[in-house]
Amino acid sequence: MLLLGWEECHRVYDCLLHVDIRESKIWVQEDRTEAGLATELMGLGVPKEDIVLAYHAPYKRPYTGFAVG
């Protein structure tokens with residue numbers, strides 16, 4: 001999801017949500033949604049093992065409870 005355009009005299013360009021699919025896993029690159037995409041995906045039945053919180057550094061991912069990559 002991308003905010004793009006103009007607000008009065010100011011340019012608006014902001015990435016709210018960025019997701020990639022790699023090797024059958026959902027890589028959440030950026031998530032600024034209120035509920036959190038990972039939470040929404042789990043509510044739809046996607047297992048935590050198929051979701052990578054890529055906005056966390058690789059050394060932190062093993063502690064998230066989600067896939068590491």
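The values are calculated or read from the model by the stated rules, or taken from the named source; none is laboratory data. The structure displayed is predicted, hence computed values, not measured ones. All Cβ positions, glycine included, derive from the backbone under ideal geometry; neighbour counts span all protein chains shown.
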Checklist outcome for this item: G69 meets each of (1) in contact with an Asp or Glu (Cβ under 7 Å, 6 or more places away or on another chain); (2) of a type outside the set (F, W, Y); (3) in contact (Cβ under 8 Å) with a residue 40 or more places away in the chain with one exception, condition (1)
Item to check | Residues within region 1-27 that are part of a strand (DSSP E or B), more than 11 Å from D50 (Cα to Cα) and within 10 Å of the chain's Cα centre (by Cα), tallied | outcome: 4
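Counting only residues that are part of a loop (DSSP other than H, G, I, E, B) and aliphatic (A, V, I, L, M), which one in region 28-69 is modelled with the lowest pLDDT? Talk me through it step by step, then tell me what you get.
Going through region 28-69, the residues part of a loop (DSSP other than H, G, I, E, B) turn out to be 32-36, 44-47, 54-60, 64-66, 68-69.
So of that shortlist, the ones also aliphatic (A, V, I, L, M) come out as 35, 44, 46, 54, 57, 68.
Details: A35: 92, L44: 98, V46: 98, A54: 97, A57: 96, V68: 96.
The extreme case among them is A35.
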